[in-house]
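Here is the structure we will look at.
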Amino acid sequence: MLRNALSIEAGGRRGFLKRFLRGCPGFQVFAATVLSCAVAGCSSIAVSYHAAGVEPPLFKPKDSGGKIIVYWGTAWRANQKEPSRREALAAKGIAEFFSSNLRWETLHISRSIAGRGALLATDTEAISEAKTAGAERVLIIRIEELGPNLMFYLSPILWRTENEVLFHVRAINCQTGQVEADVSTRWVRGGPFTLLGADSLPVDFAGALKAVFLGGDTP
């Protein structure tokens with residue numbers, strides 16, 4: 001008898017749910033959206049620049065074969081989580097990106113200039129060191145953000161995650177001493193019901209570097 005009662009109760013609940021869904025087509029659409037986004041992710045990419053001088057991409061096809069030196073450093077916010085992990089990610093990403101592209105010849109990648117942090121050295125010091133090495137152009141990269149963000153909302157969007165990359169690039173001509181480009185870049189990938197984490201940051205950092213130096217908005 002107890003089994004029959006439970007069966008009747010369960011059947012009644014299923015019948016109520018079916019009647020509810022039939023009477024609420026909007027809820028059906030919402031539920032389908034949540035399920036599809038949870039599986040596939042409603043992810044998109046947004047890239048924005050603030051540029052003076054040459055605008056992205058900084059390396060045009062005509063620049064192929066140029067010799068460069070890359071100096072870089074970090075300037076994290078005060079409450080940055082796991083800065084050492086992010087610095088290791090940045091070091092690997094910069095090394096892979098600048099060493100694997102045939103459009104330029106990377107002579108050296110360093111976090112220091114004349115014995116000081118790359119972001120604290122003067123342009124004169126950077127140019128002098130680069131010219132000695134035979135470089136035609138100096139790139140100084142200041143990384144300010146490499147992180148996933150998780151945000152919660154009221155319905156219909158319950159949560160979203162974003163991977164954010166924020167950095168600043170200065171390109172200096174070693175022969176003339178002129179600053180050819182001064183670019184701040186913000187790359188954001190994510191969206192409603194998308195689950196992203198620190199493990200996916202290398203993809204976004206590589207995509208942001210590609211967007212600035214070669215063009216495009218895909219990782």
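The values are calculated or read from the model by the stated rules, or taken from the named source; none is laboratory data. Bear in mind the structure is a predicted one, so any value in this text is a computation, not a measurement. FYI the Cβ positions are ideal-geometry reconstructions off the backbone, even for glycines, and counts take in every protein chain you see.
Do the conditions hold for LEU17, that is, is it out of contact with any strand residue (DSSP E or B) (no Cβ under 9 Å at 6 or more places or on another chain), surrounded by 12 or more Cβ atoms within 10 Å (Cβ to Cβ), at pLDDT below 75 and not small (Gly, Ala, Ser)? So LEU17 does not fit the description; no.
Which members of the range 27-83 meet the condition of being loosely packed, with under 13 Cβ neighbours inside 10 Å, β-branched (Val, Ile, Thr) and at pLDDT 55 or above? The answer is none; no residue qualifies. When TRP76 is tested against the conditions (1) among the aromatic types (Phe, Trp, Tyr); (2) closer than 23 Å to GLU180 by Cα; (3) outside any strand (DSSP E or B), the lone failure is (2).
LEU102: over 24 Å from LEU201 (Cβ atoms) and either in a helix (DSSP H, G or I) or within 23 Å of the chain's Cα centre (by Cα) (or both), yes or no? Working first, answer last.
Working: over 24 Å from LEU201 (Cβ atoms): yes; either in a helix (DSSP H, G or I) or within 23 Å of the chain's Cα centre (by Cα) (or both): yes.
So LEU102 passes the test.
Residue pairs whose Cβ atoms lie under 6 Å apart, separated by 6 or more positions or on different chains, with the first residue in the range 126-152 and among the small types (Gly, Ala, Ser) and the second modelled with pLDDT under 95 and crowded, with 21+ Cβ neighbours inside 10 Å, do not occur. In the range 47-64, the residues that are under 25 Å from GLU105 (Cβ atoms) form Cβ pairs under 6 Å with partners that are basic (Lys, Arg), at six or more places apart or across chains, as follows: PHE59/ARG103; SER64/ARG103. On the stretch given as the range 109-127, residues that are at pLDDT 95 or above and either outside the structural domain of GLY93 (by TED's automatic domain parsing) or part of a strand (DSSP E or B) (or both) total 5.
Which of the following residues is more than 21 Å from SER100 (Cβ to Cβ) and either surrounded by fewer than 17 Cβ atoms within 10 Å (Cβ to Cβ) or modelled with pLDDT under 95 (or both): LEU195, LEU201?
Result: LEU195 is the single residue among LEU195, LEU201 that is more than 21 Å from SER100 (Cβ to Cβ) and either surrounded by fewer than 17 Cβ atoms within 10 Å (Cβ to Cβ) or modelled with pLDDT under 95 (or both).
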